[in-house]
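Quick note: the coordinates plus some simple rules give every number you see, no bench work behind them. Quantities reported herein were computed from a predicted structural model and do not represent experimental measurements. Every residue, glycine among them, receives a Cβ derived from its backbone with ideal geometry; neighbour counts consider all protein chains shown.
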Amino acid sequence: ENPRMSPFGTTIFAEMSALAVRTGAINLGQGFPDTDGPRELLDAAVAAILGGRNQYPPGPGVPELLEAVAAHQRRFYGIELDPTREVLVTAGATEAIAAAVLGLCEPGDEVVTFEPYYDSYAATIALAGAERRTSVLRFPDFAVDEASLRAAFSPRTKVVLLNTPHNPTGKVFTRDELELVAELAHEHDTWVVTDEVYEHLLFDGAQHVPISTLPGMRERTLTIGSAGKTFSATGWKVGWLTGPAEAVAAARRVKQFLTYVASGPFQPAVATALGLPDATYDGLASRLQHGRDLLVAGLEAAGLTVSRPAATYFVIADAAPLGAVDALEFCRELPERCGVVGVPVSVFHDDVDAARTLVRFAFCKKDEVLAEAARRLATLG
Ligand code: PMP
Ligand code: GLN
């Protein structure tokens, strides 16, 4: 076995989803909605399948999706892109992350990222033969620590792998924090790969700032999005990457040999969905905000300490007040104890002590499911 990959066993999402199936517990572990996305999206996929769009799509993506991604970046952020050279469609954001990191890094290069981090980051950096350098975001406010971020950079830093809004914390990076990242990227002449898959899942008027819109950042930033997250279709695996032609070409070169292409008929369907009115995007966010409120209230009533998320579909809670000493153990026992599944945040850390007793729960679920989870959690105390 490739020793670079041996530290990566089964992903926590697979382990915890299997545990949920085995025990019949409510699965608030892996993040996927239990409600379908917009009807127009589903209809457009059916039409594409019945309309014969079932063979390999073009390598970079179907033209109408390339156009629609460019139009989306213009509509929401004022970013102008050439759809033929500055947009690449991928098999979900996961492939976009892999293609970007593998396309930009050589063995021995360093990648700066924040922890907790989405689990594919560590594995992808390892696959590239690169090394990760991290800066810890600490419960409960997860603010950027300037000193540790500065210290994570070195002459070998090639890429900053950013994620805002952030999984698993639900944090939205502030403009000041992004300016600090941008300043360091300039100082060390690095690329920024920014995973913005939760860009539309914002609560209480929170504002998402794409780092590529900061002065001087367009030329050094690859931005990643996902239809799975934006339109509640995680199984479709349609993602995209946008940025300067040179970096998009580097990612495209890799992507050709990862999946070549994917999701043929879903690509035109996502193109349709990206053009839906603001009310559709807002409706998805406000439904999630309601779910957040239900779950936060339930966790607090059960005695956990909660960091209220401003975005995404995840909330982090500290189980220490319930006597937990190790989140992984706590999560492995939770289905037996109360019929709910969560994910230990420590698995997303190098510094596991920063998250010893923290658990992530997903609230992208129906009201009645969240209410039942809250009732079950209340029996823990
Ligand atoms: N990045 C982050 C931060 C995520 O949370 C996820 C999935 N939940 C992904 C990327 C992967 O997205 P996709 O399913 O589109 O590959
Ligand atoms: N991104 C989703 C999460 O964080 C899960 C994706 C996966 O299972 N790899 O829950």
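Here is how the numbers come out for the structure above:
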read-out: Approximate spin-label separation Asp326-Thr84, in nm, with each point projected 7 Å along Cα-to-Cβ; value: 5.9
read-out: For peptides 190-202, 246-258, sequence by mean Cβ density within 10 Å, most packed first; value: 190-202, 246-258
read-out: Residues Leu178, Leu241, Leu66 arranged by fewest to most Cβ contacts within 10 Å; value: Leu178, Leu66, Leu241
read-out: Order of Thr90, Thr164 under a 10 Å beta carbon neighbour criterion, fewest first; value: Thr164, Thr90
read-out: Cut-off 12 Å between beta-carbons: net charge of the residues surrounding Ala355, Lys and Arg +1, Asp and Glu -1; value: -3
read-out: Mean shadow area of the chain over all directions, Cα convex hull, nm²; value: 17.8
read-out: Where the Cα pairs of segment 17-110 fall when distances are cut into 10 Å bins, in %; value: 12, 26, 33, 22, 7
read-out: DSSP-defined antiparallel bridges as percent of all bridges, the chain, nearest 5; value: 50
read-out: Spatial separation of Cα centroids for segment 260-281 and segment 159-183, in angstrom; value: 26
read-out: Charged-residue dipole, Cβ positions (Lys, Arg, Asp, Glu), the chain about Cα centre, Debye nearest 20; value: 720
read-out: Choice from Leu276, Leu19, Leu162 with maximal GNM fluctuation in the chain (Cα, 10 Å cutoff); value: Leu276
read-out: Point-to-point label distance, Arg74-Ala371, nm (Cα→Cβ direction, 7 Å offset); value: 4.5
read-out: Residues Met16, Met5, sorted so that the one with the fewest Cβ neighbours within 10 Å comes first; value: Met5, Met16
read-out: Lys pairs under 18 Å by Cα in the chain, provided they are eight or more residues apart or on distinct chains; value: 5
read-out: Normalised contact order of segment 133-288, rounded percent, pairs of Cα under 8 Å and 6 or more residues apart; value: 17
